[in-house]
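Worksheet for the structure shown next.
The values are calculated or read from the model by the stated rules, or taken from the named source; none is laboratory data. All of these numbers come straight from a predicted model, not from anything done at the bench. Cβ placement follows ideal geometry from the backbone for every residue including glycine, while neighbour counts extend to all protein chains displayed. Quick note on the areas: whole protein, heavy atoms, side chains included, nothing else; ligands and nucleic acids left out. Shrake-Rupley method; radii C 1.70, N 1.55, O 1.52, S 1.80 Å.
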Amino acid sequence: MVDVDEFIEEATAEIESEIGDANAIIALSGGVDSSVAAALAYRAIGDRLTPVYVDTGLMRKGETEGIRETFSFMDSLRIVEAQDRFLDALEGVTDPEEKRHAIGEGFIREFEREAREADADYLVQGTIYPDRIESEGNIKSHHNVGGLPDVIDFEGIVEPVRDLYKDEVREVARALDLEEVVSERMPFPGPGLAVRILGEVTEEKLNVAREACHIVEEEVAEHDPWQAFAAVIGKATGVKGDNRVHGWVVAVRSVESRDGMTARAQDLPWETLQRIQSRITGENDDVARVVYDVTHKPPATIEYE
């Protein structure tokens, strides 16, 4: 494990050295990685840091409201409403890598726009080591690494936690006294619900995925998974009432892991799985069936795309 006190001291000094007397913005998602990066950058450059949260329309249920509440102490916090721009960029896109690149470029363009407003030359990101390994190893392009566009209007991108695994980032978060709602939060992919939807991203699929993910997180919380969520994977026939329906198929995934590089599917109790399927199909008329993914990583990845 990392020596957290030594890491905090060295990371703060590195940020201060890289940015110098310039201004910077931090890509803030509310997750532990970007929150730790923000806390470190704020220690280094103080009020010259502007936190920017982009609401892509691909976020978890209540995410934007939670960001406003959790980070309300940051007077310079900017919340960018960009749902329409991201959905337009994803229209007709079905290939997983194309999705990630479209989202990566969308984020950068939003951050460039906000940086001009804040007169900032640097972008701080919460990229961690597994992001780099999976992108550089062609497993999948993370939106903040392999999904970045070739031309970026920043003097530099600063990544203070780039060499840490997720569990190490959590240790740093605790040492920085970040709230438990941040330090212990379940991982959420940078591209959001877009990678939990197979095929084209539509508002209908997003609504199904968002509500289903919320139900899964609630129902499996007592089993302490490393990550748990739902994904919309296609359509199938079903029966609701006396009617035959052709509705969405939702896959539920719950895994145990240390750092996200490998993972094992959780052996959830049958009663828990039944509650999940009952709620998802009962609370959404457009869902025909629910399945449980028992595949480990490898051979699967944790997310679906």
Once the dipole of region 3-140 is set up from charges on Cβ (+1 Lys and Arg, -1 Asp and Glu), the residue from the list Leu123, Ala37, Thr56 lying farthest towards its positive end is Thr56
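Measure off, as a whole percent, the carbon and sulfur share of the 1.4 Å-probe accessible area of region 232-291, all protein chains present.
Details: 1480 of 3300 Å².
After summing per-atom areas, the C and S share lands at 45 percent.
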Residues whose built amide H sits under 5 Å from the amide H of Thr50, excluding neighbours closer than 5 in sequence, are Ala24, Ile25, Ile26
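Over region 203-292, average the accessible area per residue using a 1.4 Å probe and give it in Å², no decimals. Please report the intermediate quantities before stating the final value.
Working: 4500 Å² over 90 residues.
Here the per-residue accessible area is 50 Å².
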The chain, Kirkwood Rh and Cα Rg, ratio Rg/Rh at 0.98
Over the chain, the sum of -39500 (n - 2.57) across DSSP H runs of at least four, divided by residue number and rounded to 500 deg cm²/dmol, gives at 222 nm -12500 deg cm²/dmol
When the charge dipole of region 151-286 is computed with +1 on Lys and Arg Cβ and -1 on Asp and Glu Cβ about the Cα centre, the Cα farthest towards its positive end, among Leu206, Val232, Leu193, belongs to Val232
Of Lys166, Lys235, Lys205, the most mobile residue in a GNM of the chain (C-alpha springs, cutoff 10 Å) is Lys235
Between Arg78 and Gln274, the FRET efficiency computed from the C-beta separation at R0 = 35 Å comes out, to the nearest 0.05, as 0.20
Most fluctuating of Ser35, Ser257, Ser17 in the GNM of the chain (C-alpha, under 10 Å) is Ser17
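Taking only protein heavy atoms into account and a 1.4 Å probe, give the accessible area per residue of region 4-184 in Å².
Numbers: 8160 Å² over 181 residues.
On a per-residue basis, region 4-184 sits at 45 Å².
Determine the share of region 1-120's accessible area contributed by carbon and sulfur atoms, expressed in whole percent, with a 1.4 angstrom probe.
On the way: 2380 of 5540 Å².
Accessible surface attributable to carbon and sulfur in region 1-120 totals 43 percent.
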Taking only the alpha carbons of region 165-243, the radius of gyration and the largest Cα-Cα distance, Dmax, both in angstrom, are 16.4, 57
The relative contact order of the chain, taking Cα pairs under 8 Å that sit 6 or more residues apart, comes to a percentage of 17
Between the modelled labels at Glu180 and Lys235 (7 Å from Cα along Cα→Cβ) the distance in nm is 4.5
Given unit charges at Cβ for Lys, Arg (+) and Asp, Glu (-), the dipole magnitude of the chain about its Cα centre in debye, nearest 20, is 1400
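On alpha-carbon atoms, Rg over Rh for region 203-292 using Kirkwood Rh? If you can, show how the numbers build up before the last one.
Values: Rg = 13.5 Å, Rh = 13.5 Å.
Using only Cα positions, Rg/Rh for region 203-292 is 1.00.
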Comparing Phe111, Phe71, Phe229 in a Gaussian network model of the chain (Cα, 10 Å), the one with the largest mean-square fluctuation is Phe71
Sorted by chain and number, the residues with a modelled amide H under 5 Å from that of Val80, at a separation of 5 or more or across chains, are Tyr53, Val54, Asp55
Looks like region 4-184, by Cα gyration tensor root eigenvalues a ≥ b ≥ c and the a/c under 1.5 rounded cutoff (else prolate when a/b is bigger than b/c, oblate otherwise), is rounded
